[in-house]
1. Do we find a residue being under 22 Å from residue 133 (Cβ atoms) and open to solvent by less than 20 Å² (accessible area, probe 1.4 Å) anywhere in the range 48-61?
2. Anything in the range 161-179 that is at positive phi and either open to solvent by 70 Å² or more (accessible area, probe 1.4 Å) or not in a strand (DSSP E or B) (or both)? List them, or say none.
3. So is residue 148 more than 19 Å from residue 31 (Cα to Cα) and in contact (Cβ under 8 Å) with a residue 60 or more places away in the chain or not?
4. Could you please let me know if residue 99 is open to solvent by 50 Å² or more (accessible area, probe 1.4 Å) and among the aliphatic types (A, V, I, L, M)?
5. Could you check, for the range 122-133, whether at least one of its residues is under 15 Å from the mean Cα position of the chain (by Cα) and either closer than 17 Å to residue 35 by Cβ or of a type in the set (S, T, N, Q) (or both)?
6. Looking at (1) under 22 Å from residue 157 (Cα atoms); (2) modelled with pLDDT of 90 or more; (3) in contact with an Asp or Glu (Cβ under 9 Å, 6 or more places away or on another chain); (4) surrounded by 14 or more Cβ atoms within 10 Å (Cβ to Cβ), find the lone condition where residue 113 falls short.
7. Where residues in the range 2-45 are hydrophobic (A, V, I, L, M, F, W, C) and at pLDDT 50 or above, which of them is nearest to residue 65 (Cα to Cα)?
8. Take the residues in the range 67-84 that are open to solvent by 40 Å² or more (accessible area, probe 1.4 Å) and at pLDDT 90 or above, then tell me which one is nearest to residue 175 (Cα to Cα).
Amino acid sequence: MNKILQSIVLVLLFTGCKLGDDNLPDKTQEGKKTFGCYLNGEKFHPNYRSASDGLNYYGDKGLSIMVWQYKKSFASDVYLKITINGYPIEEGKTYRLGAFSDSLGVSGELSYYVDTNMPGVQRKKVYYTSLEHFGELTISKHNPELRIISGLFWFDVWTEERAVVKIRGGRFDMKYSLK
């Protein structure tokens, strides 16, 4: 039995298989237009982005990232948004994703649509990070010349159904145009 286990380990090592591969995009810093995370443990790797490829950069005033993917567990497109409003983007800095105000803030957001009692009408549910349910965004690379921003993130939101939605293992590597 011991020799069988050793053989399996050797095969995995020499074939390049990764144990515990998380199936998210690699943690790159080259502007490869990637985004991925886990939403309550389920892989979230959007194939839809906004017209700007998901990243809007506002110079010294911040950035916003918005991506979406259909998730069967929500029976809807699920939107994730990260906003830094009113702060310059600094490489190596970790921003706390907390309560958001209209004028200034750093926050995470989860939204999706639910059916109503009226046929064909849906209602949008939007949940934000807060003082109690927060997260972090670390900018691992910001190259203004090549217009690349890469980073890592995680955050929690509290829903009206009294449940915490956990966004974990987040990473992105995106290019931007100036707004």
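1. No, there is no match, as no residue in the range 48-61 is under 22 Å from residue 133 (Cβ atoms) and open to solvent by less than 20 Å² (accessible area, probe 1.4 Å).
2. Restricting attention to the range 161-179, the residues satisfying the condition of being at positive phi are 162, 169.
Matches in the range 161-179: 162 only.
3. Numbers: more than 19 Å from residue 31 (Cα to Cα): no; in contact (Cβ under 8 Å) with a residue 60 or more places away in the chain: yes.
Criteria not met by residue 148.
4. Working: open to solvent by 50 Å² or more (accessible area, probe 1.4 Å): yes; among the aliphatic types (A, V, I, L, M): yes.
The answer is yes for residue 99.
5. Just the residues of the range 122-133 that are under 15 Å from the mean Cα position of the chain (by Cα), to begin with: 127-129.
From what is left, the residues that are either closer than 17 Å to residue 35 by Cβ or of a type in the set (S, T, N, Q) (or both) are 129.
Scanning the range 122-133, I find at least one residue that is under 15 Å from the mean Cα position of the chain (by Cα) and either closer than 17 Å to residue 35 by Cβ or of a type in the set (S, T, N, Q) (or both), so the answer is yes.
6. The one condition residue 113 does not meet is (2).
7. First, pick out the residues of the range 2-45 that are hydrophobic (A, V, I, L, M, F, W, C): 4-5, 8-14, 17, 19, 24, 35, 37, 39, 44.
From what's left, at pLDDT 50 or above: 24, 35, 37, 39, 44.
On the way: 24: 17, 35: 10, 37: 13, 39: 16, 44: 14 Å.
Among residues in the range 2-45 that are hydrophobic (A, V, I, L, M, F, W, C) and at pLDDT 50 or above, the one nearest to residue 65 (Cα to Cα) is 35.
8. Step by step, filter the range 67-84, then rank; the result is 81.
The values are calculated or read from the model by the stated rules, or taken from the named source; none is laboratory data. What you see is a predicted model, and the numbers here were worked out from it, not measured in a lab. Counting neighbours? That spans all protein chains shown, and the Cβs are built from the backbone with ideal geometry, glycine included. Note: areas computed on protein heavy atoms with side chains; ligands, DNA, RNA excluded. Shrake-Rupley method; radii C 1.70, N 1.55, O 1.52, S 1.80 Å.
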